[in-house]
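Notes follow once the structure below has been shown.
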Amino acid sequence: MQDAEGQPVGSPRLITQLGPWQLRSPILAASGCFGYGREYAAYLPLQRLGGIVTKGTSLKPRLGDLPPRMVETPAGMLNAIGLQNPGIETVIQAELPFLHRYGVPVIVNLYGTTPEEYAELAARLDGVEGVWGIELNISCPNVAAGGILFGQSPILARQVTEAAKRATHLPVMVKLSPNVTSIVEIARAVEDGGADLISLTNTFRGMAIDLHRRRPVLGNLSGGLSGPAIRPLALQLVWEVAGTVQIPVVGIGGIVSGDDAAAFLMAGASAVQVGTAQFIDPTACVRIADELEATMNREGFAQIADMVGAARQ
């Protein structure tokens with residue numbers, strides 16, 4: 001593949017069919033860890049990424065949670081950013097044109113407090129240049145249902161998915177929360193609601209205590225745990241969901257190497273997203289793609305499609 005100047009981009013062996021999308025690589029930048037791409041453009045060629053999932057975006061700007069917002073934990077980190085973002089109109093006018101210059105597939109992560117908000121957000125992105133699809137963050141409270149998270153109720157998860165699908169022609173990927181009784185039940189619900197893809201997993205709830213202050217470290221008291229600490233948990237959930245639904249699954253959770261990515265693909269994921277690793281290494285997505293190709297060579301895989309679900313055969 002070539003970029004806008006006709007220069008080679010990545011390896012042809014990494015070309016990935018992810019549902020309706022053909023991507024240069026199965027390695028995507030995860031939502032919340034890559035902003036809207038500006039901060040990373042100086043560190044790596046964005047056009048080598050399989051795709052960028054933007055920071056979570058709402059109808060109106062959000063200031064987010066009070067600091068401290070992040071704390072390192074053994075083999076991971078906790079964060080409570082509070083979904084800070086400039087709002088959908090600013091993202092459409094100022095952020096998406098920047099990404100479009102690089103020719104990288106862009107999937108806009110969206111969140112709302114009602115199905116109607118998700119629908120309005122999806123509708124505003126319909127036809128926006130450079131946007132390949134949307135990802136629904138359903139780990140958000142539903143105000144009308146007393147604050148229950150959309151992602152914890154099969155009925156609400158399906159309603160949000162259906163609302164977004166009705167409002168847009170873009171492919172819809174739904175990001176599942178692990179903080180549920182049965183993730184398989186939620187996965188089936190969003191598939192029944194018309195989701196084109198599923199991504200999982202979002203962060204696990206966790207807490208850290210400052211012994212000297214005798215208080216929780218995070219300003220929001222608790223936050224989302226990510227990083228290598230959750231990788232075995234996320235891999236198990238990917239295995240369960242990929243064996244249940246018929247739509248493609250994108251694996252997320254503690255991926256820091258090519259071998260990690262390969263494990264998720266062999267478990268049944270068709271692609272992966274890389275998040276926390278980028279706080280350690282801003283070139284992580286490109287490095288992991290290169291390492292994944294080395295893993296393919298070592299293990300005898302000619303193409304990504306051969307690796308998907310290999311551990312299930």
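Computed from point charges on the beta carbon alone (+1 for Lys and Arg, -1 for Asp and Glu), the dipole magnitude for the chain about its Cα centre is near 620 Debye. DSSP bridge analysis restricted to the chain gives an antiparallel fraction near 40%, rounded to the nearest 5. Grab the beta carbon distance between Arg38 and Ser222, set R0 = 35 Å, and tell me the FRET efficiency rounded to 0.05. According to the calculation, E is roughly 0.75. Here is the list for the range 38-107: trypsin sites (Lys or Arg not before Pro) lying in DSSP coil, each with at most 15 other C-beta atoms within 10 angstrom of its C-beta, are Arg101.
Reducing the range 165-207 and the range 25-90 to their Cα centroids gives an inter-centroid distance of 19 Å.
For the range 179-268, the set of trypsin sites (Lys or Arg not before Pro) satisfying both a DSSP loop assignment and a count of at most 10 other C-beta atoms within 10 Å is given as Arg213, Arg214.
In nanometres, what is the gap between the two model label sites at Arg215 and Ala75, each 7 Å from Cα along Cα-to-Cβ? If labels sit at Arg215 and Ala75, their model points lie 3.1 nm apart. Around Tyr36, with a cut-off of 11 angstrom between Cβ atoms, what is the net charge of the other residues, counting Lys and Arg +1 and Asp and Glu -1? Net charge around Tyr36: 0. Residue exposure proxy: Ser182, Ser226, ordered by other Cβ atoms within 10 angstrom of their Cβ from fewest to most, comes out as Ser182, Ser226. Counting Lys and Arg as +1 and Asp and Glu as -1 over every other residue whose Cβ lies under 13 Å from the Cβ of Ile247, the net charge comes to -1.
Treating each Cα of the range 12-312 as one equal point scatterer and applying the Debye formula with no solvent, the log10 of I(q)/I(0) at q = 0.13 Å⁻¹ comes out as -0.86.
Once the C-beta distance of Ile280 and Arg166 is scaled by a Förster radius of 45 Å, the resulting FRET efficiency is 0.65 to the nearest 0.05. Note on Thr181 and Ala123: the model spin-label points, each 7 Å out from Cα along the C-beta direction, lie 3.5 nm apart. Relative contact order for the chain: 19 percent, from Cα pairs under 8 Å spaced at least 6 residues apart, divided by residue count. Within the shell of other residues whose beta carbon sits under 12 angstrom from the beta carbon of Ala294, the net charge comes to -2, with Lys and Arg scored +1 and Asp and Glu -1.
Values in this text are rule-based calculations from the coordinates and carry no lab data. Quantities reported herein were computed from a predicted structural model and do not represent experimental measurements. As a convention, Cβ positions derive from the backbone with ideal geometry for all residues, glycine included, and neighbour counts pool all protein chains shown.
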